[in-house]
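Quick note: the coordinates plus some simple rules give every number you see, no bench work behind them. All figures in this text were calculated on a predicted structure; none of them were measured in a lab. When we count neighbours, we look across all protein chains shown, and the Cβ atoms used for this are built from the backbone with ideal geometry, even at glycine.
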Amino acid sequence: MKNPIFPAAMLLAATLAANADGQNQPAQQSSVSRTTGDKTVKLCDNKTTVQVPNDAPKTRAEGQRISDALMAQWKASNPNSDWVQGEVEAHQVVVPADNAKLVGTGQSSTYGSVTNQDVQVWKNETYKTAVYGSKVFHSGDELGSEIAVSCDMCHPRAANTHPETYPKFQPQLGRVALLRDMINWCIEHPVRGKVLAPDDPKMRALEAYILAQRKGTPLEYGKR
């Protein structure tokens with residue numbers, strides 16, 4: 001799959017788990033605040049849930065309403081959380097490291113000296129992957145969501161994803177998880193999409209974007 005180039009201002013997303021439970025109920029007007037429904041949509045904390053009817057429209061606006069309802073509950077239970085502070089509307093993707101200082105140095109007898117072209121290719125290809133990851137992160141369609149939920153609705157600009165803490169034990173999975181494992185958990189549950197293979201271009205791009213947004217953060221694997 002080609003990774004399309006998007007502007008840096010265009011950029012995982014809420015993690016939701018759904019279980020069918022009211023298949024024989026009559027159709028009702030879509031509302032994430034109702035107490036009964038056809039799908040139970042779960043936040044990535046594995047506790048906060050809302051009910052969503054099976055016939056809810058698959059639109060970004062509806063997905064945003066679902067996400068807002070989940071986050072409203074989560075914030076009420078976590079009044080001191082301020083990770084959304086400083087969020088801006090533009091989905092800026094952090095640029096990769098500048099390797100210009102390596103120009104003229106040797107890579108090895110096999111590859112020769114580093115050229116300006118090498119440095120530019122490294123930067124362009126790396127950044128393109130992160131930007132594609134931003135596109136997937138911000139799109140329910142790209143994520144294959146059944147309910148139009150995307151990662152950014154709960155994790156604006158990849159906030160509160162903490163990729164620098166992986167691998168670590170994740171209670172939701174009951175085992176030690178890599179970042180991609182938690183991405184898939186979120187895709188399968190809150191987003192209600194299909195899990196991605198480790199080498200899927202979308203998975204690689206999502207990991208690149210999430211890591212890019214935490215550029216400069218020290219690694220501290222295992223941290224809870």
Exercise. Looking at the square roots a ≥ b ≥ c of the eigenvalues of the Cα gyration tensor of the range 170-224, which shape do they give, rounded for a/c under 1.5, prolate if a/b is larger than b/c, or oblate?
Worked result: oblate
Seminar exercise, completed: Taking every C-alpha to C-alpha distance in the range 95-224 and binning by 5 Å from 0, the per-bin percentages run 2, 10, 17, 20, 17, 13, 9, 6, 5, 2, 0
Problem set entry | Calculated FRET value between Asn116 and Glu164, using beta carbons and R₀ = 30 Å, to 0.05 | 0.45
Problem set entry | Violating pairs (Cα-Cα greater than 21 angstrom) within the set Lys47/Lys75; Lys128/Lys215; Lys47/Lys202; Lys135/Lys223; Lys75/Lys194 | Lys47/Lys202; Lys135/Lys223; Lys75/Lys194
